[in-house]
Amino acid sequence: VRLSDMDIQRSRIEAMESKLNEVQGEQRLLRDLKSIMDAHKLQADRRLGDLDSALASIEEQIREKDRRRNNDVDAHRARFEGFENRLTELQVSQVRHKTSVENLDIAVTSLEPLRATVTTLQGGLAAVEERIRSRAQELSQDMQQSWNSQNSLTQRVNAPHASSQASQGPKPGFDKPRRQRVTGKPATARASARSKDDEIQKVFNDIDTGGSGVLTLEDLQSYLCDHLGFGQAEAFGFMKTFGQGDGVSMEGFKKGYARLTPFLLSKRQNEVLIRKDGSLSSMGPQSLQIEELDDCEVYICEVTNTIFVDECKRCAMLIGPCETSVFVRDCEDCVFWIAAQQLRTRG
């Protein structure tokens, strides 16, 4: 019985050992499976991290593309708005230009009567100059006769000196060649009451071509009218105001020298003042100052740059083409015919 029990126990022990071995084998298999699962988990975590990084990069790229697309949309919207604004400005400018053209047409139409008036005034001015020239010839003939009479009387009274008087001969007439119009800066451009005696003497000698020491009416007409481009009336007025007897001496010439500047008409009364073609533009269009004239007629038949008219009374003025502005200030009872780019008035 004891042997049978031992055999049974041995069988049980062997069965238990067999089961233990199986359990141990299963445990080893479980450990191997766990190792494999851990390895697979690690690999899965690694791949999941890579996927997260790739997904974040893709999301960043998508956001960057969205930003660029938004920026492009904003830029296109801004350009479109700029185009719309520019189109609006062009439309407004087109309307303004159309209005300006219409106004210009109206202005041109309104200037037609002025053109006819200027043409009429030019014809009248030519007639006035012709009458003045005719009157000048008559006066010169009268002066020639007076000179001849005085010369004859002098010869009779001073018989011993008849030979010297005869050698001097009669006073020259109007047969001298006419002076050429001034070119460049006139010698009297800065003539004023403060001019130096040397300058005045130089101009006096230039006018006195005969060297007699006295300026005749012919000398004044040749220099003032032909050379400087003044009117005949100014030559007569200069002779009448500053002359003595048959001519203008150096002393009288000094007193009236300030009147010989072409660029200033100042403090005149009851005179006809003319500036002919070439009198103010020998150095290119220049400025002209007209001031304090009373009861005068002024004809500026010349292209100028700027003209200032100040404190004139009861005057009639024709101002030819002015390239920029004509300023008329503090004038009373005056009539103006003006061709200028711009007219400014005051007072």
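Which entries of LYS202/LYS254; LYS196/LYS276; LYS267/LYS313; LYS185/LYS276; LYS202/LYS255 show an alpha-carbon separation above 22 angstrom in the structure shown? Before the final figure, lay out each step's value.
Numbers: LYS202/LYS254 12 Å; LYS196/LYS276 27 Å; LYS267/LYS313 11 Å; LYS185/LYS276 16 Å; LYS202/LYS255 15 Å.
Over 22 Å Cα-Cα: LYS196/LYS276.
Computed from the alpha carbon atoms alone, the convex hull of the stretch 212-294 holds 92 Å³ per residue.
For a protection proxy built on the mean count of beta-carbon atoms within 10 angstrom, sort 245-258, 198-211 highest first, please.
On the way: 245-258: 16.9, 198-211: 14.4.
Put in order of decreasing packing, that is 245-258, 198-211.
May I ask you to give the solvent-accessible area per residue for the chain, in square angstrom, as obtained with a 1.4 angstrom probe? Could the numbers behind the result be given before it?
On the way: 23140 Å² over 347 residues.
Per-residue accessible area for the chain comes out at 67 Å².
In this view, the solvent-accessible surface of LEU30, computed with a 1.4 Å probe and all protein chains in place, comes to about 110 Å². Electrostatic bookkeeping for PRO262 treats Lys and Arg as +1 and Asp and Glu as -1; over the other residues with beta carbon under 13 Å from its beta carbon, the sum is +3. Just so you know, the Cα atoms of the stretch 231-347 work out to an Rg and Dmax of 14.7, 47 Å. All Cα-Cα separations within the stretch 26-112 were binned at 10 Å from zero, giving a P(r) of 13, 14, 13, 12, 10, 9, 8, 7, 5, 4, 3, 2, 0, each value a whole percent of the pairs.
Using a 1.4 Å probe on the protein chains only, how many percent of the accessible area of the chain belongs to carbon and sulfur?
The nonpolar share, carbon plus sulfur, comes to 53 percent.
Short version: what are the Cα gyration tensor semi-axes of the chain, square root of 5 times each eigenvalue, largest first, in whole Å?
121, 25, 15
The values are calculated or read from the model by the stated rules, or taken from the named source; none is laboratory data. None of these values were measured; they are calculated from a predicted model. Cβ sites come from the backbone with ideal geometry, for glycine too, and all protein chains shown count toward neighbours. Please note that ligands, DNA and RNA were not included when accessible areas were found on the heavy atoms of the full protein model with its side chains. Shrake-Rupley method; radii C 1.70, N 1.55, O 1.52, S 1.80 Å.
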